[in-house]
Amino acid sequence: MTTSQDTGGYWSGLTVAERGVTAAIAAFVGLLFLGLLTGVLTPTYFLFLVGLSGMYALLSLGLNAQWGYTGLINFSVAAFFGVGAYGAALLSASGSPLAGGFDPIFGLLAALGMAVVLALVIGVPTLRLRADYLAIASLGLAEVVRIVVKNKQDWTNGTAGIRGIPGFFENWPVLSTFPDAMPGLQIHVPAGPVIELGAPFYGMLLNVALVFAFVGVSYAILARAHRSPWGRVLRTIRSDEDLARALGKNTYSFKMQAFVLGSLVMALAGVFYAHLNLYVQPGDLDPITTFYVWVAVILGGSGSTRGAVFGGVVVVTIRQGTRFLNEFAWLPVDVAPLRLLAIGVIIVLVMRFRPEGVLPPQKELIWPGSVDEAATTPDSAVNQSTRGDGDE
Amino acid sequence: MPVLELIANGLVFSSIIVLGSVGLSLVYSIADFANFAHGDTMTVGAYSALVAFGFVGGVGGAVLGLPVGFFLALCVGIAAAALVAIVTEKLIYEPLDVGSLGLLITSIGIAFIYRGVIQMGFSADATRFGVPPLRPIEALVPYGVRITEHDVAIVITAIVLVVGLHVLLQYTDLGRKMRAMADNPELARVSGIRTDRIRLWTWVIGAGLAGAGGVFLGLFNNLSPRMGFNLLLLVFAAVILGGIGSVYGAMLGGFLIGMIRQLTPILSDLGSVLPLVPDTFGIPIGIEYAEAIVFLIMVAVLLVRPSGIAGEAS
């Protein structure tokens, strides 16, 4: 699409689903701002939600590289998330039972290193297996990781968890003092509450910047990798592994590479979580996290990078949105089972009515250049014809 | 180390795992997907029995320390699990056209729906059947075995159900058709077997056995909405160990997995159990790692012999 195109042309170039999603996102953003203005959402909590969405987007980007690109049915997402969080926490936290107190950068590197090791430990035995065996085996191995983290007291503090994790930017030259240095602001909303922007707000702003950086880098790398020749091999493996093998590709090696790549992105989400939450505990490795991320990926559309981001945001909306139901005391429901039910219903509905997901990969798989060349001459004609279809 | 006691406990736990794994294996072989909702089907059976027991708990005399009403409630649990499974099959699985991986993912959603509904009705807290706890059977205590009549009831009922299934599979028309369909669904259909009907019956039997397993799990430990899901991976391990699709393999696998799970404490005292090994020898692994050991065994089996103990090498 050329930049000279008007917005109307862009709009008609979208599929029905894309239009729906765009409209839904616009409505949702509007709702959030309404919440901000009326004081239901504090700005700090709003940023926390944005950070959490970014974290889930990272997790689903990672899983998407494994399942969406390569067809690996990995049920050990929670283990990689947990290893990322624990790797970061163990090295940087003051309460670490191992050598704590290092700069968070080292925690980040350690977490990524541990994720690679874990990916090899889980991947080497399981990636040769049939798809459904891989699901069961990886879920079992993730449980092994959780059991070890929970019971290996002298390494991980066991069920007590690890406290005293610093913020990610604690030792950075300017950013460490940024939240305190910024002036406190008070925004008076006409006929509404006073919104205060203080140090916690700016601290959270840094977290959001961090997760945006993580998501941005991961998205760029993954989207680029997906379109590369390497990504094409992965897609071939997903649709027909025997064919890929017949073409002379070492499919096991390719699957391992995709598995490690996805696991690194998941661990990145764990690192961010450790510095966002400032506390990690074995419950963070609970398999339910894995299933949340699966919902995000299949809802967004398997293989679609932007779908993964969209799914991540939806999952955060479900997880955090159900908390608001607590405020309505007259509702005779408990929130935890409602959340479980919502996740279950979404999985079933998507598989029943739209198994390819809400935003299946379409143009993502095409080089932007080739679209431009094809679209230049018959551009207006194509648009007219779609408009004509709409009128009939 | 009371080895006999551990073996006795392993036997009871194995009975529960066997009930779960036989059903899972049946469904795996005929519906052809890994049903992640199987554990929660067990929970459905357990809670249905809990409700039924509230109504009929006082009925009749006592058998093996359990009121007759408990066995009525057991039947209700089995029926409810089977009914829920059929409704799910008709409503959800049958209209789907997404392949076995899609069905697997759908079954996760189904599992959450079951669990969410149960948790709404009964809260997340653990509860128990209203049967008074028993003292261990006196005659066995001198041997170091402390099991109650309830445990004996669990083992006996499980044996009855499994033998019943064996008779059904080997000597009835339905059983022969089920075996034919598990072997080769296409061939079964062209031979005139109404495979959709057999599929339904498979769900009934598989989910019914799961329901029974859930009731006994509730009697053995207690009931909680997560009980079935927590057991699911052990049940999968049993099915894989025995060989996916092989019902008799699932029985053997369930027995072995239940035993391994309960016998883990022996590892740290191996020396006193094994002959020819010094008494101080032992592998210091606590009971808290028991399930981790089972899962590692499961992965090892998948690697070395993906077809399981009783499965045919393909």
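The values are calculated or read from the model by the stated rules, or taken from the named source; none is laboratory data. As the structure is a computational prediction, the values presented were derived from the model and not from experiment. Glycine gets a Cβ as well: all are built from the backbone with ideal geometry, and neighbour counts include every protein chain shown. Note: accessible area is taken over every heavy atom of the protein model, side chains too, but ligands, DNA and RNA are not part of it. Shrake-Rupley method; radii C 1.70, N 1.55, O 1.52, S 1.80 Å.
Once both labels are positioned 7 Å from their Cα atoms along Cα-to-Cβ, the gap between B:Phe220 and A:Ala99 label points is 4.6 nm.
Across the options A:Phe259, A:Ala27, A:Pro200, the greatest Cα extent toward the positive end of the charge dipole of chain A (unit charges at beta carbon of Lys, Arg, Asp, Glu) belongs to A:Phe259. For segment B:252-289, a drop of 40 Å² or more in accessible area on going from the chain alone to the assembled protein chains (1.4 Å probe) is found at B:Glu288, B:Tyr289. Only alpha carbons enter this Debye calculation for segment B:80-153, each as an equal point scatterer, and the log10 of I(q)/I(0) it gives at q = 0.21, 0.28 Å⁻¹ is -0.95, -1.24. For chain B, the membrane-span-like helices by this rule, meaning whole DSSP H stretches whose C-alpha atoms cover at least 18 Å of axis and whose Kyte-Doolittle mean is 0.0 or above, are B:3-31, B:38-56, B:68-88, B:99-122, B:149-171, B:195-220, B:227-242, B:247-263, B:290-304; this says nothing about an actual membrane. Considering only protein heavy atoms and a 1.4 Å probe, what is the carbon-and-sulfur percentage of the accessible area of segment B:181-242? Carbon and sulfur: 52 percent of the exposed surface of segment B:181-242. Measuring r between the beta carbons of B:Leu101 and A:Phe212 and using R0 = 25 Å, the FRET efficiency lands at 0.15. Diagonalising the gyration tensor over the Cα atoms of segment B:142-189 and scaling each eigenvalue by 5 before taking the square root yields semi-axes of 37, 10, 7 Å, largest first. Ranked by solvent-accessible area (1.4 Å probe, protein heavy atoms only, all chains present), the residues A:Met256, B:Met42, A:Met114 order from largest to smallest as A:Met114, A:Met256, B:Met42.
Here segment A:80-239 was treated as a single set of alpha-carbon atoms; its pair distances binned every 10 Å from 0 give 9, 24, 29, 22, 12, 4, 0 percent.
With Cα atoms as the point set, the radius of gyration and Dmax of the protein assembly as shown evaluate to 27.6, 93 Å. The calculated 222 nm mean residue ellipticity attributable to helices in chain A amounts to -22500 deg cm²/dmol, summing -39500 (n - 2.57) over DSSP H runs of n ≥ 4 and dividing by all residues.
Under the criterion of Cα pairs below 8 Å and six or more residues apart, the relative contact order for chain B equals 33 percent. Under a Cβ-Cβ cut-off of 13 Å, what is the net charge of the residues other than B:Asp40 that fall near it, where Lys and Arg count +1 and Asp and Glu count -1? With Lys, Arg at +1 and Asp, Glu at -1, the neighbours total +2. Give me the log10 of I(q) over I(0) for chain B at q = 0.10, 0.11, 0.13 Å⁻¹, as the Debye formula computes it from C-alpha points; what are the numbers? Here the Debye-derived log intensity ratios amount to -0.57, -0.69, -0.95. Three semi-axes describe the equivalent ellipsoid of segment B:1-78; taken as square roots of 5 times the Cα gyration tensor eigenvalues and ordered largest first, they are 26, 22, 9 Å. Per residue, the accessible area of segment A:97-220 comes to 49 Å² when a 1.4 Å probe rolls over the protein heavy atoms. Mean residue ellipticity, 222 nm, helices only, chain B: the sum of -39500 (n - 2.57) across DSSP H runs of n ≥ 4, divided by residue count and rounded to 500, is -22500 deg cm²/dmol.
Taking every Cα-Cα distance in segment B:169-314 and sorting them into 10 Å bins from zero, the calculated P(r) comes out as 10, 29, 31, 19, 7, 3, 0 percent. Which helices of chain A meet both criteria: a Cα extent of 27 Å or more along the helical axis and a mean Kyte-Doolittle score no lower than 0.0, with helices taken as whole DSSP H segments? Helices passing the filter in chain A: A:16-38, A:43-63, A:104-126, A:131-151, A:199-227, A:251-277, A:305-325. For segment A:162-247, the C-alpha radius of gyration sits at 1.89 times the compact-globule guess of 2.2 N^0.38 Å, with N the residue count. Solvent exposure of A:Trp172, expressed as accessible area, is near 90 Å², computed with a probe of 1.4 Å over the protein chains only. Residues A:Lys255, B:Lys90 ordered from highest to lowest accessible area at a 1.4 Å probe: B:Lys90, A:Lys255. Taking a ≥ b ≥ c as the square roots of the eigenvalues of the alpha carbon gyration tensor, chain A is oblate, as a/c is not under 1.5 and a/b does not beat b/c.
Over segment A:134-273, Cα pairs under 8 Å with separation of 6+ residues give a relative contact order of 11 percent. Normalised by 2.2 N^0.38 Å, where N counts its residues, the alpha-carbon radius of gyration of segment A:54-163 equals 1.12.
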